[in-house]
Structure formats: structure tokens, C-alpha cells
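Participant: Below you will find the structure I want to go over with you.
Read-outs: derived from the displayed coordinates by stated rules, not from any lab. Bear in mind that the values here come from a model prediction, so they are computed numbers and not experimental data.
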């Protein structure tokens, strides 16, 4: 994974002709946005965790429904 370096970005922006203050502000803003992004690994982990949670809920619902059905059929 490539790490964003705001100093290098600022220098590239200045070299492209952007005034220093604008280059610094833009590089810092991008740094904040990029830090808020998640990696594919983090997303996959969160999705797997949610899938397990949903499977647990569905399993509980199925057991509950089977119990109710058993009570109804036993009468």
C-alpha cells in the first residue's frame, strides 16, 4: 500500500505552478480525506463480522420458530 505524503504532494503541486499557500492547503485537505478511507482488508473484515452477526440472528429466529411450531403441533 502506498502511503500519502502531504509534503511530497505539496511540492509536486508547487512545481506544477500552484501558489505555495494553495498547494499546502490542498495537500493537507487531501491528507485528511485519504486518512478517512478504509482498506479492502478492513472492509472485508467488517463485512465478515456483519455476516456472522446476521447468521446468528437468523439462527436464533429459526430455533424460535421451530420451538413455536413444536408447541403448536404438540397440542
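Participant: Would you mind checking the tilt of helix 6-15 against the longest principal axis of the Cα atoms of the chain, expressed as 0 to 90 degrees and rounded to 10?
Facilitator: The helix 6-15 is inclined about 40 degrees to the chain.
Participant: Further question on the same structure: Among 51, 65, 23, which one moves the most in a GNM of the chain with springs linking Cα atoms closer than 10 Å?
Facilitator: So, out of 51, 65, 23, the one fluctuating most is 65.
Participant: Sticking with this one: What is the Cα radius of gyration of the chain over 2.2 N^0.38 Å, N being its residue count?
Facilitator: On the way: Rg = 26.3 Å, N = 75, 2.2 N^0.38 = 11.3 Å.
So the Cα radius of gyration is 2.31 times the expected 2.2 N^0.38 Å.
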